[in-house]
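A quick write-up on the structure given underneath.
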Amino acid sequence: MIKIEGLHKSFGELHVLKGIDKQIDKGEVVAVIGPSGSGKSTFLRCINKLEEPTKGSILVEGRDIMEKTTNINNLRERVGMVFQHFNLFPHKSVLENLTLAPMKVKKQGKDEIEKKAMSLLKRVGLSDKAGAYPNQLSGGQKQRIAIARALAMDPHVILFDEPTSALDPEMVREVLDVMRDLADEGMTMVIVTHEMGFAKNVASRVMFMDEGVVVEDGHPIEVFESAKNERTKEFLDKVL
Ligand code: ADP
Ligand code: MG
């Protein structure tokens, strides 16, 4: 699904990603953990070209995203993204938030797109919020809408950047439950998260990032119970 080779990213003098080589297969649920500032968000953002890599190559479904001929809209259709701060359109209703992008890029009619949006709202337990505006929703509801919005494009993989970090504790569960359902349905997901329980129980694979490299990569049980790398152990000792 995703093949990353020799990925480097610098912001001016700041060398953030220092050589990442990774492959992510269809159906994998990858939790990316690691200290703040280690480059986790930058890594995710490179995969859907929200950041331009400085060096290296990224193939998504076999197609090089750096190729000038790669259509960015088509890439973003295939690679969905869910952000920490939801990024819903504040002046659009929930239904409009879900239908806006599909209306632009899908070759379906309005009725069909709205019908699909309603079924996605049902799936995230928010059928009654179609006409609401983002500021009328709780954080947990906003994030569930953001996930439904990502799904409205029929993505082949979804990237999540700390989807529960901005939520009050009592709302974390409802969002993780939706994500767990997606994982169970076989969706390919890459999730930057501080939810170690989720990483351990739902992810099929855990990557630990530190200072711009992935220093540990394995099955959750392997990483959580017998990490090989000292920095991974230190980090886990602090957060578990
Ligand atoms: P993480 O998500 O692991 O906390 P980030 O990928 O957000 O880490 O950031 C890694 C480093 O890159 C940090 O030092 C951050 O300040 C820097 N950085 C991230 N985005 C930018 C940017 N657009 N311009 C300059 N520096 C950035
Ligand atoms: Mg981040």
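Normalised by the empirical 2.2 N^0.38 Å for globular proteins, what value does the Cα Rg of segment 16-144 take?
With N residues counted in segment 16-144, Rg over 2.2 N^0.38 Å equals 1.23.
Restricting attention to segment 65-140, which GluC sites (Glu not before Pro) occupy a DSSP loop and are surrounded by at most 11 other Cβ atoms within 10 Å?
Glu67
Could you pull out every one of the lysines with an alpha carbon less than 17 Å from that of Lys228, ignoring same-chain neighbours closer than 8 positions?
Lys228 reaches Lys200, Lys238.
Scan around Asp217 for amide H atoms under 5 Å from its own, H built in the peptide plane at 1.01 Å from N, and keep only partners 5 or more places away or cross-chain.
Those lying under 5 Å, H to H, from Asp217 are Phe208.
Cα atoms only, segment 175-240: Rg and Dmax in Å?
12.1, 35
What residue among Ala101, Ala117, Ala31 shows peak mean-square fluctuation when the chain is described by a Gaussian network model with Cα springs under 10 Å?
Ala101
Run through all the Cα pairs of segment 101-182 and give the fraction in each 10 Å bin from 0, expressed as whole percent.
17, 50, 29, 4
Rounded to whole Å and ordered largest first, report the semi-axes of the equivalent ellipsoid of the chain derived from its Cα gyration tensor (root of 5λ).
After diagonalising the Cα gyration tensor, the semi-axes are 30, 22, 15 Å.
Treat each spin label as a single point 7 Å out from the Cα along the C-beta direction, and report the Ala166 to Leu240 distance in nm.
Here the answer is 3.1 nm between the modelled labels.
None of the figures in this text is laboratory data; all of them are computed from the coordinates on show. All figures in this text were calculated on a predicted structure; none of them were measured in a lab. Here Cβ is always computed from backbone atoms with ideal geometry, including for glycine, and neighbour counts include all displayed protein chains.
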